[in-house]
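Reading through the structure tokens given below for one structure.
The values are calculated or read from the model by the stated rules, or taken from the named source; none is laboratory data. Just so it is clear, the model here is predicted, and its values are computed rather than measured. Methodologically, a virtual Cβ is constructed for each residue, glycine included, from the backbone with ideal geometry; neighbour enumeration extends over all protein chains shown.
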Amino acid sequence: MRLHPGIQIGIAAWLVGCTLAAAAAAVDAPAGKAPAASGSESKAYKIGVVNRKEVFDAYTKTKTEYETLQQEVDGRQKKVDALSTQIDAQKKEYDGKKDSMTETERDEFKAKVESDYRQYRGELDRMQRDIDSMELRVVKKLFGDIDRAIARVGAEGDYHLVLDGTPKDTPGSVIYYSPTLNMTQKVIDYINSHDVSEPE
């Protein structure tokens, strides 16, 4: 997003907050099977791993939500750009007239330009805060959809445990897992063909 270069940081922070603490248990579970239960009876457990960031990128709703957000950014940017253009014009006017102005006129003109510049900076800062807040809400909403899709795929596929397999450069993610446990594509297919929005 043109005014928000920190999107990857925001997404990574959200992923860290949602990573399952049980990730380490997957390392010792061979081919998706948990160790045998104590006693004569044993039970097999079905384990899956999902790269939630990959699902986020492939989710068709992600593009739609960010296109809507970009439209909001563009609309607000036009207002800020108008203020910037106004200030530039005032500076040029001042430079062209200052030699013929009295000291009082110069002081009044400079005060007007400085006031407009403070307004411009205030609008710019407020717009950036609003955009940051809107983007965080979008990310939270999309990952909510993703987690609901994972839960449904897990339940329908009789999985006992699903771990977050987001790449290891994200703190808290699974360090290693067999590709046979990867159910990311199943989740992508599901989320793009079902309504997983939070009920209103």
- line: In the set Lys78, Lys98, the lone residue that is basic (Lys, Arg) and under 30 Å from Ile131 (Cα atoms) is Lys78
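Yes/no per residue for (1) modelled with pLDDT of 50 or more; (2) polar (S, T, N, Q); (3) loosely packed, with under 11 Cβ neighbours inside 10 Å; (4) more than 13 Å from the chain's Cα centre (by Cα):
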{"position": "Ala25", "(1), (2), (3), (4)": "no, no, no, yes"}
{"position": "Ala34", "(1), (2), (3), (4)": "no, no, no, yes"}
{"position": "Leu69", "(1), (2), (3), (4)": "yes, no, no, no"}
{"position": "Asp74", "(1), (2), (3), (4)": "yes, no, no, yes"}
{"position": "Lys78", "(1), (2), (3), (4)": "yes, no, yes, yes"}
{"position": "Ala82", "(1), (2), (3), (4)": "yes, no, no, yes"}
{"position": "Gln86", "(1), (2), (3), (4)": "yes, yes, no, yes"}
{"position": "Lys97", "(1), (2), (3), (4)": "yes, no, no, yes"}
- request: Determine, yes or no, whether Tyr176 is assigned to a helix (DSSP H, G or I), aromatic (Phe, Trp, Tyr) and out of contact with any strand residue (DSSP E or B) (no Cβ under 8 Å at 6 or more places or on another chain).
  value: no
Condition broken by Asn182, with the remaining ones in (1) farther than 25 Å from Tyr66 by Cβ; (2) polar (S, T, N, Q); (3) at pLDDT below 95 satisfied: (3)
field: Breaking point among (1) out of contact with any helix residue (DSSP H, G or I) (no Cβ under 7 Å at 6 or more places or on another chain); (2) assigned to a helix (DSSP H, G or I); (3) of a type outside the set (Asp, Glu); (4) surrounded by 14 or more Cβ atoms within 10 Å (Cβ to Cβ), for Leu124
entry: (1)
statement: Cβ pairs under 9 Å, 6+ apart or interchain, first in the stretch 79-95 and under 16 Å from Glu123 (Cβ atoms) and in contact (Cβ under 8 Å) with a residue 60 or more places away in the chain, second of a type in the set (Ser, Thr, Tyr) and surrounded by fewer than 16 Cβ atoms within 10 Å (Cβ to Cβ), ordered by first then second residue, are none
- prompt: Tell me, which residue of the stretch 146-178 that is buried (at least 21 other Cβ atoms within 10 Å of the Cβ) and in contact with a Ser or Thr (Cβ under 6 Å, 6 or more places away or on another chain) is modelled with the highest pLDDT?
  reply: Asp164
- request: Please work out which residue is farthest from the chain's Cα centre (by Cα), limiting yourself to the stretch 179-200 and to residues that are surrounded by 14 or more Cβ atoms within 10 Å (Cβ to Cβ) and assigned to a helix (DSSP H, G or I).
  value: Leu181
